[in-house]
Amino acid sequence: MPHQGILSPIARTAAAAEAAAASSATATIATPTGFRLTAHNQYNATRLDAAHLPADPFPLFRLWLHEALVPTHAQPAVREPEAMTLSTAASGIPSSRVVLLKEVDDRGFLFYTNYESRKAHELESGHAALSFYWREVSRQVSCPPHWGGYRVVPTEIEFWAGQPSRLHDRFVYTRPDTTSTWTVERRAP
């Protein structure tokens, strides 16, 4: 269920940092106002290496999507790998929902929706973002793109591979416009 709200910064206490560092599994603590997560799973995806990244992000995306669709002895298949979070904004207020990828090619990511829906009206701005999160294989792909109809034609695609101790591999492909060639750079670690 999408949530909207106003951001309010919260300082992290030393006790919370110690509790998170002491545990390697996700745990919750009941508080008077709700629940607090104290730690998270350690990730261990295959490392990303800049020397082996393709010049264009779409072949890498198609490889990751194929690996998410087809189980192997080394990794499980992902439930609904075509599910992606679509984020839009109207009057500066963000809105996110899950939609299903119907096609990917060298131009972008295609999905369908009702032209009278809220998301369709928000897409009229010409800007949106996509995020694929494949929990089972500790991978995520984010696409802050420009739009051509309902085909997402991205100018930025980030690949994230979860690693132990939060030293995740992050590489981002960028191009100044949809007809330019891609450049790739490491964002982390």
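The values are calculated or read from the model by the stated rules, or taken from the named source; none is laboratory data. On a predicted model such as this, the values are computed, not experimentally measured, just so you know. Cβ atoms come from the backbone with ideal geometry, glycine included; neighbour counts cover every protein chain shown.
Have a look at Asp56, Asp49 and point out the one that is charged (D, E, K, R) and surrounded by 11 or more Cβ atoms within 10 Å (Cβ to Cβ).
Asp56
Regarding Ala77, is this residue within 19 Å of Ser131 (Cα to Cα) and modelled with pLDDT under 95?
Values: within 19 Å of Ser131 (Cα to Cα): yes; modelled with pLDDT under 95: yes.
So Ala77 fits the description; yes.
Given the condition within 21 Å of Leu65 (Cβ to Cβ) and of a type in the set (Phe, Trp, Tyr), answer yes or no: does some residue in the range 172-181 qualify?
Looking for residues that are within 21 Å of Leu65 (Cβ to Cβ) and of a type in the set (Phe, Trp, Tyr), one finds at least one in the range 172-181, hence yes.
For Ala20, all conditions in the list (1) of a type in the set (A, V, I, L, M); (2) at pLDDT below 55; (3) loosely packed, with under 13 Cβ neighbours inside 10 Å; (4) touching a strand residue (DSSP E or B) at 6+ places or on another chain (Cβ under 8 Å) hold save one; what is the number of the exception?
Going through the list (1) of a type in the set (A, V, I, L, M); (2) at pLDDT below 55; (3) loosely packed, with under 13 Cβ neighbours inside 10 Å; (4) touching a strand residue (DSSP E or B) at 6+ places or on another chain (Cβ under 8 Å), Ala20 breaks only (3).
Could you grab me the full set of residues in the range 68-110 that are of a type in the set (Val, Ile, Thr) and exposed (fewer than 14 other Cβ atoms within 10 Å of the Cβ)?
Here is the first cut: in the range 68-110, the ones of a type in the set (Val, Ile, Thr) are 70, 72, 78, 85, 88, 93, 98-99, 104.
Across the range 68-110, the qualifying residues are Val70, Thr72, Ile93, Val98.
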